[in-house]
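Just so it is clear, none of the values below were taken in a lab; they were calculated from the coordinates. Only a predicted model underlies this, so the values are computations on that prediction, with no experimental measurement involved. All Cβ positions, even for glycine, are placed from backbone atoms using ideal geometry, and neighbour counts span all protein chains on display.
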Amino acid sequence: MPEESLALETAPGFGVSSAERSAERNSEEEELIPLDTLQGQVAVEEQAWAGVRVINFDETSRKKGHDYVTNFINGQTGELLDVQVGKGAKAVEAFVKKALAKGLGPLQIEEVNID
């Protein structure tokens, strides 16, 4: 894997492919490029947000406590819905904002699992 890549380690059993678990680093700015802007990666825009009933999310760090990312996964299909830089309430708030914009209704969520 190239140095510019950041492997997003997700909890086992979610069915996320290796292509879905990677985000590339912008070598000039050293910031993560949003996953949905990378060609050949997950087509996040094509997700069936309306069908999501279970959301799994996992916070992980690149190296011993630094550069956290939070993965949001469709708990029914294992599809990666979104990756947010950071962890905690800010990452969850950013995901909720995006999910609402994609048509995910709060009442349709039956279960949320946190690793």
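Miscellaneous remarks
- Count of residues meeting criterion [more than 24 Å from Ala50 (Cα to Cα) and free of Cβ contacts under 8 Å to residues at least 12 places away in the same chain] in region 62-97: 4
- Strands (runs of 3 or more DSSP E) fully within region 54-101 counting 1 or more residues that are in contact with a Leu (Cβ under 8 Å, 6 or more places away or on another chain), under 14 Å from Asp115 (Cβ atoms) and not aliphatic (A, V, I, L, M): 54-63, 66-74
- Residues that are of a type outside the set (D, E, K, R), assigned to a loop (DSSP other than H, G, I, E, B) and loosely packed, with under 12 Cβ neighbours inside 10 Å, drawn from region 104-115: Gly105
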